[in-house]
Amino acid sequence: MLRKLVINNFATINHLEIDFSSGFSVLTGETGSGKSIIIGALNLISGSRADFSKLNDKTKKIVIEAEFDISNFDFSNFFNYNNIDNEEDLIIRREVLPNGKSRSFINDTPVRLELLKNFSLKIIDIHS
């Protein structure tokens, strides 16, 4: 379950932290309120291609970080196989540098984007 989302330098957002309560979460709001930006940030940490026009400040990197509670799931084989720390709280971070390169992390361990994409399919499900 997604517990927290932190967005830095993405689209019109300088810095935003969203804490989600347990259970079902729905994003609603008027046109232009930022729902698509939040979904775009979730897509970015899911391994989607980065759109460099989304840089708010072209001199700084985009940083999207999401914290998940995975205490009800057993990913120990995945974490052990990929040499990633196995914690009840999972933190996924994606950084997109102004030069076009990006870096992906699972629990502060650098991972290839393909690994992030495959893993995020198990924990993120977006319906829009």
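A few notes on this one:
- For the peptides 71-80, 22-31, the ranking by packing is 71-80, 22-31, with the highest mean count of neighbouring Cβ atoms within 10 Å listed first.
- Pairs of Lys in the chain closer than 16 Å at Cα, counting only those 8 or more apart or on different chains: 6
- A prolate overall shape is assigned to the range 71-125, the ratio a/c of its alpha-carbon gyration tensor axes (a ≥ b ≥ c) being 1.5 or greater and a/b exceeding b/c.
- Cα gyration tensor category, rounded, prolate or oblate, for the range 1-68 with a/c compared to 1.5: prolate
- Of all accessible heavy-atom area on the range 26-128, the percent that carbon and sulfur account for (1.4 Å): 45
- Each Lys and Arg contributes +1 and each Asp and Glu -1, all at the Cβ; summed about the Cα centre of the chain, the dipole is approximately 720 debye.
- Whole-number accessible area per residue in Å² for the range 2-105, which is evaluated in the context of all protein chains at 1.4 Å: 61
The values are calculated or read from the model by the stated rules, or taken from the named source; none is laboratory data. Note that this is a predicted model, so its numbers are computed, not measured. As a convention, Cβ positions derive from the backbone with ideal geometry for all residues, glycine included, and neighbour counts pool all protein chains shown. Side chains included, ligands, DNA and RNA excluded: accessible areas come from the protein's heavy atoms. Shrake-Rupley method; radii C 1.70, N 1.55, O 1.52, S 1.80 Å.
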